[in-house]
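Data block below; observations after.
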Amino acid sequence: MRIRSLRKARGWSLDNLAERAGISPSQISRIETGHRRISLDQLTAISAALGKPLDELVESPDDSDVVIRPVRDDGRGLTTWLLSKDDGAHGMTVAKMRITDQAGGATPDDLGVHPGRDWFTVLSGTVVLYLGTRVIRIETGQAASFSTMTPHAIRSDRGPAEILCILDHNGERSHLRT
């Protein structure tokens, strides 16, 4: 069961979860430690209180809850590792991206806009940020933050580059969904 880790990730005490789920703190404690079997109605109540589907409360039979596998988009020259599950803190998504789409100049059709702000830091290589009419080189160890209402695109410069980015919901939908 992952109840304890999910509860602690929210910063909740046993009493907080117990109140929200309508189950006594001692019962939740025994469920978390494996000293009490959980009934379906308790599992459903805890699931609702945590705002998580039932399958996230039980341990995964494989390694999918531990291993983060890359998602490749060869058409965009992009490989993505989603580092945050569901909606991260404050609805933000953390992702590592490997960009192989080379900078060769971006046309206005290549530039996208969406509400919010994007933030990224370059882990390796160099990226070119097309930001409106500006062309900005960002090298390993440097970071960028900008309003995404300005037309923008990110490309690698002279070889693959890797970035770590934090995106709000609009940025995730725009940059990570194919």
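Values quoted throughout were computed directly from the atomic coordinates according to the rules given, and no laboratory measurement underlies them. Worth saying up front: this structure is predicted, and the values here are computed from it rather than measured. Note: ideal-geometry Cβ built from the backbone for every residue, glycine included; neighbour counts use all protein chains shown.
Miscellaneous remarks
- Computed [θ] at 222 nm, deg cm²/dmol, the chain (DSSP H ≥ 4; -39,500 (n - 2.57); rounded to nearest 500): -7000 deg cm²/dmol
- Net charge, Val128 excluded, C-beta distance under 13 Å - Lys, Arg +1, Asp, Glu -1: 0
- By the count of neighbouring beta-carbon atoms within 10 Å, fewest first, Thr126, Thr93 end up ordered Thr126, Thr93.
- The slack between Trp12 and Arg158, meaning 0.36 nm per residue of separation minus the straight C-alpha distance, is 47.8 nm.
- Overall form of region 3-57 per C-alpha gyration tensor (a/c, 1.5; a/b vs b/c): rounded
- Across region 142-166, no residue has a backbone nitrogen under 17 Å from the label position 7 Å along the beta-carbon direction of Asp74.
- Shown for Met149, Met92, Met97: other C-beta atoms within 10 Å of each C-beta, ranked fewest to most, produce the order Met149, Met92, Met97.
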